[in-house]
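Worksheet: the structure to be examined is printed underneath.
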Amino acid sequence: MALRSVILGTGSALPPTVVTNAELEQRLDTSSTWIVERTGIRERRIAGPGVKTSDLAVEAAMGALSAAGLTGADIDLVIVATATPDETFPATATRVQAQLGITRGAAFDLAAVCSGFIYALTVADSLLKAGQFQRALVIGAELFSHLVDWEDRTTAVLFGDGAGAVVIEGREGDRGLLSARLHADGRHGDLLFVDGGPGSTGTVGKLRMKGREVFRHAVQNLASVTEEVLDDAGYSAADLDWVIPHQANARILEATAKKLGLPMDRVVVTVDSQANTSAASVPLALDTAVRDGRVKPGDLCLLEAMGGGFTWGAVLLRF
Ligand code: ACO
């Protein structure tokens, strides 16, 4: 029987500091009403000075390991999906690996911005199935507060910091990843990008986005990639127990659910309290729904995301 990558545990990390819309009203020409109506966001977590992406990644990874009843010694592959690595090099994944006491196997970062976790999970799944590794930590970790232009009201209100992680292992049986699809279309690179960094430009850069254009592409691309993974595995949207989407905007979540013909009570929503945490948002949402008892072993779950590049993708799994 073929191996499937089964999620053994999930974990997350959110900085303790909450920044509400009311606080942003004091700094920017914006209003809480505008932010809630256009995005569904009410507050976000922002990391304090000195906190690094690897700190959040390690905390999330430790949560996932503990939920799985494992330690770092059981892991031989670490992938960190991030657009905000600690340093240009070494890879943040190697910093995480060292802090977890892992000295074997491989560790690397993956850059696909908001789709990073979906990309990383798909890559890890392929490597486990190929038999070179046994158990992987797949982490999405971001400090988007460092990339945001805090003077730009069109983007500053949208993002937050955080990390989420899963431990996966190749096993035989019905559970695990059933299908995955990744896409990219670099023609749209200038609709959502950072205008500097890392080493090659010699500048740090800030996030720039044409929000309305991104929104339009997001709804189309997420609906089509969702159909692809469902078709691949021989399911329809009605079979889904949970949709665990990238959390960019409540209106994108609602539009995608509507296209699938699914009620919103089958969609896990964290954007209201966490905003858009880029690659961290899918594993953060998954961990939230696992810990509050919504997602249970055997549930059919769709994970999907779209981000800068554009990149987008989806994973269908039986939890
Ligand atoms: N407060 C008050 N007014 C604002 C704010 C703000 N924070 N931001 C923009 N506005 C104004 C604009 O200046 C504009 O004013 P104008 O009509 O006088 O020019 C007006 O509000 C409408 O602006 P739009 O950009 O057209 O507003 P829209 O309804 O498209 O919402 C938003 C903007 C929330 C960015 C939306 O387009 C969006 O969420 N897009 C998706 C982008 C995204 O989430 N990207 C992240 C990664 S990719 C992904 O995850 C899918």
### Message
Around Gly116, under 11 Å between beta carbons, what's the net of Lys plus Arg minus Asp minus Glu among the other residues?
### Response
-2
### Summary
Counting only protein heavy atoms and leaving out ligands, DNA and RNA, the solvent-accessible surface of His246 at a 1.4 Å probe, in Å² to the nearest 10, equals 10
### Antiparallel DSSP beta bridges within the chain, percent to nearest 5
70
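Beyond 22 Å, how much of the Cα-Cα pair distribution for region 177-318 remains, as a whole percent? Walk me through the intermediate numbers first.
Working: 3846 of 10011 pairs.
Summing the P(r) tail past 22 Å for region 177-318 gives 38 percent.
What is the local net charge at Leu207, summed over the other residues whose Cβ is closer than 10 Å to its Cβ (Lys, Arg +1; Asp, Glu -1)? List each step's numbers first, then the result.
On the way: positive: Lys206, Arg208; negative: Asp149, Asp152, Asp195.
Net local charge, Leu207 excluded: -1.
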### Query
For Gln132 and Lys296, what is the calculated FRET efficiency with R₀ set at 45 Å and r taken between the beta-carbons, to the nearest 0.05?
0.90
### Message
Residues of region 167-187 with the amide nitrogen closer than 17 Å to a label point 7 Å from the Cα of Ser224, along Cα-to-Cβ, please.
### Response
181-187
### Summary
Neighbours of Glu304 by Cβ distance under 13 Å: Lys/Arg at +1, Asp/Glu at -1, summed charge 0
#### Entry: Highest to lowest packing among 160-169, 101-110, 274-283, scored as the average C-beta count within 10 Å
274-283, 160-169, 101-110
### Task
Throw me the Rg/Rh for the chain, computed over C-alpha atoms with Kirkwood Rh, two decimals.
0.94
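Loop only by DSSP, 16 or fewer other Cβ within 10 Å of the Cβ. Give me the GluC sites (Glu not before Pro) in region 34-109 that pass, ordered by residue number.
Values: sites: Glu37, Glu43, Glu59, Glu87; in loops: Glu87.
Sites meeting the loop and neighbour criteria: Glu87.
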### Task
For Ala111 and Ser273, compute 0.36 nm times the residue count separating them, minus their Cα-Cα distance, and round to one decimal in nm.
55.8 nm
### Task
Output the pairs from Lys52/Lys129; Lys52/Lys258; Lys129/Lys258; Lys259/Lys296 with a Cα-Cα distance over 27 Å in this structure; if there are none, say none.
Lys52/Lys129; Lys52/Lys258; Lys129/Lys258
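Note down the Stokes-Einstein diffusion coefficient of region 53-152 in µm²/s, whole number, using a Kirkwood radius over alpha carbon pairs, 25 °C, and 0.890 mPa s.
The Stokes-Einstein estimate is 179 µm²/s.
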### Message
Take Glu213 and Arg38, extend 7 Å from each Cα along the Cα→Cβ direction, and tell me the distance between the two endpoints in nm.
### Response
1.7
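According to the square roots a ≥ b ≥ c of the eigenvalues of the Cα gyration tensor, what is the shape class of region 3-173, taking rounded for a/c under 1.5, prolate for a/b larger than b/c otherwise, and oblate for the remainder?
Working: a/c = 2.41, a/b = 2.10, b/c = 1.14.
Prolate, since a/c reaches 1.5 and a/b exceeds b/c.
Within 10 Å, count the other beta carbons around each residue, average over each peptide in 124-132, 62-70, and list them highest first.
Details: 124-132: 16.8, 62-70: 18.7.
The packing order, highest mean first, is 62-70, 124-132.
The values are calculated or read from the model by the stated rules, or taken from the named source; none is laboratory data. Everything quoted here is computed from the prediction, not taken from an experiment. Glycine also receives a Cβ, built like all others from the backbone with ideal geometry; neighbour counts cover every protein chain displayed. When the accessible area is computed, the model is the full protein with side chains, heavy atoms only, and any ligands, DNA or RNA have been set aside. Shrake-Rupley method; radii C 1.70, N 1.55, O 1.52, S 1.80 Å.
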